[in-house]
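> Before I ask anything, here is the structure I am working with.
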Amino acid sequence: MATIDVPEQVSVLADAEALRKACKGWGTDEKAIISVLGHRNAVQRKQIRLAYEDLYQEDLIKRLESELSGDFEKAVYRWILDPADRDAVLANVAIKKLSPDHHVIVEISCTRSPEELLAVRRAYQARYKHSLEEDVAAHTKGDTRKLLVALVSAFRFDGEEIDTRVANSEAKILHETVKDKEFNHEEIIRILSTRSKMQLMATFNRYRDDHGTTITKNLEGDSGDEFLKTLRPTIRCLNDPKKYFEKVLRNSIRRVGTDEDALTRVIVTRAEKDLKDVKELYYKRNSVPLDQAVAKDTTGDYKALLLTLLGKED
Amino acid sequence: MALPVDIEALDKAFSGIGVDEKSLISILTNSNEEHKKSLRKGSSKLFIEDAKGFERSDQSSIKILKHQFKRFKDAVMLSVLHPWERDARLIEKAIRKGPKHYNVIVEMACTRSSDQLLGARKAYHSLFHHSIEEHLVTHIKGRERKLLVALVSAYRFDGPGVNEDVAKSEAQILYEAINNGEKNKLLDHEDAIMILATRSKQHLQALYQHYNQSYDKTLAQDLEGEGILKDTVECLCTPQTYFTRVLEAAVKEDADEESKRSLTRVIVTQKEQLVKEGFVPNKIQDILLGLYKDFMLASIASGDIK
């Protein structure tokens with residue numbers, strides 16, 4: 001469930017005016033920005049941008065980019081974009097890093113629905129004049145490349161049907177791969193990138209039933225080659241995305257120094273989806289509410305925005 | 001009518017692509033039983049002398065006739081279905097029928113626009129409750145699988161702004177893959193597959209030019225005999241060459257049934273391009289018959305109506 005708190009009545013015109021007021025003159029009224037944008041869903045945010053453009057002949061996003069800075073600016077920028085456009089930006093940032101963030105590409109391609117992933121691919125082309133798979137292919141190598149290109153190109157069947165024979169045989173294949181550590185990469189890539197999510201769940205469940213432990217447990221560890229490092233989040237995201245997000249949040253806060261990129265990314269991309277469930281998982285796992293952990297680890301307007309997106313009352 | 005003329009006419013009515021319905025009506029409705037007996041005796045392709053003293057139909061010939069009669073129906077169906085459903089069904093059939101039909105999968109994946117291919121993938125979900133990729137990996141065990149899955153999964157950028165340096169260096173990668181490596185390993189060459197499956201058509205067409213300029217032969221020439229790899233390059237870079245090749249194979253003297261079926265598919269799905277590029281073989285006028293011929297020629301003629 002979503003965490004953001006959206007009022008019943010919304011006037012995008014009033015919102016656009018309020019944002020204009022917040023940006024005019026010396027200094028910026030960040031609180032006002034948070035109190036408007038932090039309480040609007042994707043459709044409303046888009047309408048506000050259009051209304052702002054209409055009223056003031058200016059791109060709201062560009063205005064905000066120039067007024068704000070640091071982690072707060074990054075967070076606002078990501079929050080205000082359309083979800084598909086946002087994912088395209090996140091993917092591009094991940095790809096273009098000197099050492100690409102494979103797990104972000106995995107996250108986007110495996111936790112979005114098939115239709116959402118298509119929308120991301122369209123948005124990516126519109127922005128970057130290349131296909132997503134093209135850029136992934138150009139910036140990665142080897143079996144990792146094969147896996148990532150397959151994942152971003154997938155258009156999975158989104159139905160409920162499960163073939164138990166397939167679940168059985170593919171659980172076997174996965175187990176052999178994991179056990180022997182001599183990964184038959186082709187087979188694993190094939191299974192993980194072509195099967196529907198329901199089918200994969202059935203396969204993972206079968207794995208657990210047959211071997212007494214989950215496949216993610218069997219893959220645990222921090223070491224391993226590049227492929228393994230990309231394989232783990234892939235299976236985690238496909239197996240239990242909420243659990244995966246809880247882990248990313250936990251790691252991003254726990255580190256000496258916070259990983260703001262990861263923190264922003266998860267909160268911004270899940271606030272309208274399942275952040276509530278992730279919060280509950282976080283509390284169960286860490287005995288500390290997520291809000292509290294975030295408040296402890298962040299400061300200023302950045303903190304205020306995150307807490308608003310987490311559903312804190314003003 | 002005189003018997004020899006009729007026998008010849010009957011033979012002719014079935015000897016092209018399609019069936020000459022008018023001729024059949026005229027011959028058969030004007031024949032009494034005796035005349036028909038003579039017709040059967042004179043048509044050695046369709047009837048054989050049975051030991052028990054009657055002219056028995058030759059089943060393998062009748063089977064061929066079934067295909068001929070079916071052409072009009074197939075043309076209608078291909079023409080009336082939503083393009084997404086049409087392409088999805090063509091792909092599914094090709095997967096089922098095996099390696100000789102893989103070029104149809106390449107054709108669907110590479111000659112359609114990115115959004116049309118996406119549409120076909122959606123339709124495939126609805127019709128067959130699996131993704132195309134899933135069926136490809138389940139039913140195709142051969143080495144073509146990798147390339148086909150990659151082609152079908154592509155959502156290529158469609159627009160200007162090709163980086164010529166990259167196109168040139170990727171032409172070199174392909175050249176080396178073809179000429180230095182073992183040729184029969186091409187389908188496993190990861191870089192080659194990535195280039196062909198992820199780059200935009202504009203990029204690949206630029207690559208094709210660079211290849212030609214740098215190595216004095218075309219990429220297609222260098223892939224002669226390489227089955228779907230050559231089909232892939234042609235469909236992406238020089239589709240008119242591919243379609244001309246398919247059409248000419250269909251109207252050849254000894255064309256098989258599958259080649260003839262390609263005629264329907266190409267004319268119905270490519271009619272706009274056919275008119276523009278003008279690559280319909282002249283033989284079509286002579287070799288097509290009946291309602292099927294009317295449908296095909298009218299399709300081509302109407303091709304430039306938008």
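Please treat every number below as a calculation from the coordinates, not as lab data. Here the structure is a predicted model, which means the values were calculated and not measured. When we count neighbours, we look across all protein chains shown, and the Cβ atoms used for this are built from the backbone with ideal geometry, even at glycine.
> At a threshold of 8 angstrom on Cα-Cα distance, excluding pairs fewer than six apart, so keeping six or more, what relative contact order does chain A reach in percent?
Values: 361 pairs, mean separation 68.2, N = 314.
Dividing the mean separation by the residue count of chain A yields 22 percent.
> Take every Cα pair under 8 Å in segment B:164-306 that's 6+ residues apart, average their separations, divide by the length, and report that relative contact order as a whole percent.
17 percent
> Follow-up. Could you tell me how many cubic angstrom of Cα convex hull volume segment A:91-225 has per residue?
Values: hull volume 13.8 nm³, N = 135.
Dividing the Cα hull volume of segment A:91-225 by its residue count gives 102 Å³.
> Per residue of B:125-134, what is the mean number of Cβ atoms on other protein chains within 10 angstrom of that residue's Cβ? Walk me through the intermediate numbers first.
Details: counts 7, 2, 0, 1, 5, 9, 10, 3, 10, 11.
For peptide B:125-134, the averaged partner shielding equals 6.
> Stick to Cα atoms and the Kirkwood definition of Rh, then tell me Rg/Rh for chain A. Could the numbers behind the result be given before it?
On the way: Rg = 20.7 Å, Rh = 20.8 Å.
We get a ratio of 1.00 for chain A.
> Just counting partner chain Cβ atoms within 10 Å, what average do the residues of peptide A:151-159 show around their Cβ?
For this peptide, the per-residue mean of nearby foreign Cβ atoms is 6.
> So which cysteines of the protein assembly as shown have no other cysteine's Cβ under 4.7 Å from theirs?
Singleton cysteines: A:Cys23, B:Cys237.
> Let me ask another. What do you get for Rg/Rh over segment A:210-252 if you use C-alpha atoms and the Kirkwood form of Rh? Display every interim value, and only then the final one.
Values: Rg = 10.8 Å, Rh = 11.1 Å.
Radius of gyration over Kirkwood radius for segment A:210-252 works out to 0.97.
> Then there is this: Rg and Dmax of chain B, using alpha carbons, in Å: what are they?
Values for chain B (Cα only, Rg and Dmax): 23.1, 77 Å.
> State the Kirkwood hydrodynamic radius of segment A:83-153 in Å, one decimal place, computed from all pairs of distinct Cα atoms.
Hydrodynamic radius (Kirkwood, Cα only) of segment A:83-153 equals 11.6 Å.
> Any idea what Rg and Dmax come out to for the protein assembly as shown if you just take the C-alpha atoms, in Å?
Here Rg and the maximum Cα pair distance are 30.6, 109 Å.
> While we're on this one: What residue among B:Thr238, B:Thr264, B:Thr138 shows peak mean-square fluctuation when chain B is described by a Gaussian network model with Cα springs under 10 Å?
B:Thr138
> Binned at 10 Å from 0, what are the whole-percent values of the Cα-Cα distance distribution for segment B:130-207, short to long?
18, 42, 31, 9
> Beta carbons within 10 angstrom, averaged per residue: use that to sort the peptides A:188-197, B:288-297, highest first.
A:188-197, B:288-297
> What is the spread of the Cα atoms of segment A:6-72 along each of their three principal axes, largest first, in whole Å?
31, 25, 17
> For segment A:164-239, what value does the Rg/Rh ratio take when both radii are computed over Cα atoms and Rh is the Kirkwood radius, given to two decimals?
0.92
> Relative contact order (percent) for chain B, with alpha-carbon contacts under 8 angstrom and 6 or more residues of separation?
Relative contact order here is 19 percent.
> With the cut-off at 19 Å, tell me which of the pairs A:Lys141/B:Lys201; A:Lys74/A:Lys97; B:Lys97/B:Lys260; B:Lys63/B:Lys283; B:Lys22/B:Lys271 have Cα atoms farther apart than that. Intermediate values should be presented prior to the final figure.
Numbers: A:Lys141/B:Lys201 23 Å; A:Lys74/A:Lys97 16 Å; B:Lys97/B:Lys260 16 Å; B:Lys63/B:Lys283 25 Å; B:Lys22/B:Lys271 26 Å.
Distance filter (> 19 Å) returns A:Lys141/B:Lys201; B:Lys63/B:Lys283; B:Lys22/B:Lys271.
> With unit charges on the beta carbon (Lys/Arg positive, Asp/Glu negative), name the residue among A:Leu174, A:Thr269, A:Ala304 whose Cα is farthest towards the positive pole of the charge dipole of the protein assembly as shown.
With unit charges placed on the Cβ atoms, the residue in question is A:Leu174.
> How big is the convex hull of the Cα atoms of segment A:244-310, per residue, in Å³?
That works out to 72 Å³ per residue.
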